[in-house]
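One structure is given here, and the rest of the page talks about it.
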Amino acid sequence: KQWYQRRVAITAGKNMHVGVQICGSHVVRTTKAVELISSECDVDFIDLNVGCPIDLVFNKGAGSALMDKSRRLEGILRGMVNVSSVPITLKMRIGTSEKKLSGISLAGTMKNTGISLITVHGRTRQQRYTKLADWDYISQCREAAQPLPLFGNGDILSFADYNNNLKYADGCMIGRGALIKPWIFKEIKDQQHMDISSSERMDILRRFCTYGLEHWGSDALGVEKTRSYLLEWLSFLYRYIPVGVLEVLPQRINQRPPYYHGRDDVETLMCSPNCRDWIRLTEQLLGKVPDGFNFVPKHQANAYA
């Protein structure tokens, strides 16, 4: 019921699809999870995560580790398809390392499991988020996956990036670009660069905090839970360079800018790479942090190449 209410609130009046991504390495467990989600949640698709590079997931045989275990991956996907009433999709990388580029062969094999879509992130697990995404390899995966549609993913931060990469894939998936610049989808729809002011960006953060407090509660525990997620998001958001400040359009996702001053004090604070400044932003929205509070980003996806 709670899931359905949240979905209705998010998609009201909009032509949107909502899916769930799961991560696992066991056929029976993932199949049971999909059966439960398919029967109890109003979702449009269920995606299997075969792209996660972090050690905690990889060492359990899940995420990108499944790229080196094609028979198990095939069994998991067939099990998911058999019990699901909604389409099953697959998200993976081009391989686990430069010496193990398995994306093309997996695209050719997994298209026969009954899944409806494959998405390929154009880096290996070993690369994490260093170097640029290899869209030429993604294009080869697309050829191997035909007639199944294949989407590409990696380094899209503007409508220009999106337009350019459509020649390599049937569609594009956007991850970090949406964390850095949440309005990227409107930019793509309108085909123009948007210069979002610091006050507009603060309104976005206020809305995020409102959602967090509604979900986790407005007591001390709920406030700090909301703050922790907000700080993780700010570790991406600071990388956005306002259009009015840029010398050359569009901004590139892996280019580290020199230090600059924003057009006002809040914009300058928002562009700071210093965790202490991110904490100051959360204090403007959620109140003072507890004594001894410290924050270190969990995910290296926020780092530059």
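The values are calculated or read from the model by the stated rules, or taken from the named source; none is laboratory data. Everything quoted here is computed from the prediction, not taken from an experiment. Virtual Cβ from ideal backbone geometry, glycine too; neighbours counted across all protein chains shown. Keep in mind that these areas ignore ligands, DNA and RNA; they rest on the heavy atoms of the full protein, side chains included. Shrake-Rupley method; radii C 1.70, N 1.55, O 1.52, S 1.80 Å.
Which numbered condition in (1) free of Cβ contacts under 8 Å to residues at least 12 places away in the same chain; (2) over 30 Å from Lys288 (Cα atoms); (3) charged (D, E, K, R) is the only one that Arg256 fails?
Every condition holds for Arg256 apart from (1).
Of all residues in region 252-271 being touching a Ser or Thr at 6+ places or on another chain (Cβ under 7 Å) and part of a loop (DSSP other than H, G, I, E, B), which is most open to solvent (accessible area, probe 1.4 Å)?
Once the filter is applied, the top-ranked residue is His261.
Do we have any residue at all in region 169-177 that's over 24 Å from Leu90 (Cα atoms), open to solvent by 40 Å² or more (accessible area, probe 1.4 Å) and part of a loop (DSSP other than H, G, I, E, B)?
No, every residue in region 169-177 fails to be over 24 Å from Leu90 (Cα atoms), open to solvent by 40 Å² or more (accessible area, probe 1.4 Å) and part of a loop (DSSP other than H, G, I, E, B).
Checking Arg142 against (1) of a type in the set (Lys, Arg); (2) part of a helix (DSSP H, G or I); (3) out of contact with any helix residue (DSSP H, G or I) (no Cβ under 9 Å at 6 or more places or on another chain), which single condition isn't satisfied?
Arg142 satisfies every listed condition except (3).
Go over the candidates Ser105, Ser70, Ser38 one by one and state the one that is within 26 Å of His17 (Cα to Cα) and either small (Gly, Ala, Ser) or modelled with pLDDT under 95 (or both). So that I can check it myself, show each step before the final result.
Details: Ser105 fails: within 26 Å of His17 (Cα to Cα); Ser70 fails: within 26 Å of His17 (Cα to Cα).
None of the other options fit; the residue is Ser38.
Could you tell me how many of the residues in region 278-293 are touching a helix residue (DSSP H, G or I) at 6+ places or on another chain (Cβ under 8 Å), of a type outside the set (A, V, I, L, M, F, W, C) and modelled with pLDDT under 95?
Residues in region 278-293 being touching a helix residue (DSSP H, G or I) at 6+ places or on another chain (Cβ under 8 Å), of a type outside the set (A, V, I, L, M, F, W, C) and modelled with pLDDT under 95: 1 in total.
Pairs please, first residue from region 120-144 and of a type in the set (Val, Ile, Thr), second anywhere and part of a loop (DSSP other than H, G, I, E, B), Cβ atoms under 7 Å, 6+ apart in sequence or on different chains.
Within 7 Å, the pairs are Thr124/Thr96; Thr124/Glu98; Thr130/Ala305; Ile138/Tyr168; Ile138/Ala169.
Just one of (1) part of a helix (DSSP H, G or I); (2) open to solvent by less than 30 Å² (accessible area, probe 1.4 Å) trips up Thr119, so point out which.
(1)
Any idea which of (1) of a type in the set (Gly, Ala, Ser); (2) open to solvent by 20 Å² or more (accessible area, probe 1.4 Å); (3) under 16 Å from Lys91 (Cβ atoms) is the one Ser197 doesn't satisfy?
Here Ser197 clears every test but (3).
Across region 259-274, which residue is nearest to Ser198 (Cα to Cα) among those that are in contact (Cβ under 8 Å) with a residue 24 or more places away in the chain and hydrophobic (A, V, I, L, M, F, W, C)?
If we take residues in region 259-274 being in contact (Cβ under 8 Å) with a residue 24 or more places away in the chain and hydrophobic (A, V, I, L, M, F, W, C), then Val266 is nearest to Ser198 (Cα to Cα).
Is it the case, given these coordinates, that Thr130 is touching a strand residue (DSSP E or B) at 6+ places or on another chain (Cβ under 9 Å), assigned to a loop (DSSP other than H, G, I, E, B) and open to solvent by 30 Å² or more (accessible area, probe 1.4 Å)?
Judged against the criteria, Thr130 is a match.
Out of the residues in region 86-131 that are of a type in the set (D, E, K, R) and at positive phi, state the one that is nearest to the chain's Cα centre (by Cα).
Only one residue fits best here, namely Arg128.
Which condition number does Phe159 fail, the rest of (1) in contact with an Asp or Glu (Cβ under 9 Å, 6 or more places away or on another chain); (2) open to solvent by 20 Å² or more (accessible area, probe 1.4 Å); (3) closer than 27 Å to Asp42 by Cβ; (4) of a type in the set (A, V, I, L, M, F, W, C) being met?
The number of the failed condition is (3).
Which of the residues belonging to region 29-53 are within 29 Å of Ser97 (Cβ to Cβ) and open to solvent by 60 Å² or more (accessible area, probe 1.4 Å)?
Within region 29-53, just Arg29 meets the criteria.
Six or more apart or on different chains, Cβ atoms under 8 Å: show the pairs whose first residue is in region 39-64 and in contact (Cβ under 8 Å) with a residue 24 or more places away in the chain and more than 14 Å from Ser25 (Cβ to Cβ) and whose second is assigned to a loop (DSSP other than H, G, I, E, B) and among the charged types (D, E, K, R).
What qualifies is Pro53/Arg125; Pro53/Arg128.
Identify all residues within region 59-82 that are part of a helix (DSSP H, G or I) and charged (D, E, K, R); write none if there are none.
Selection gives Asp68, Arg71, Arg72, Glu74, Arg78.
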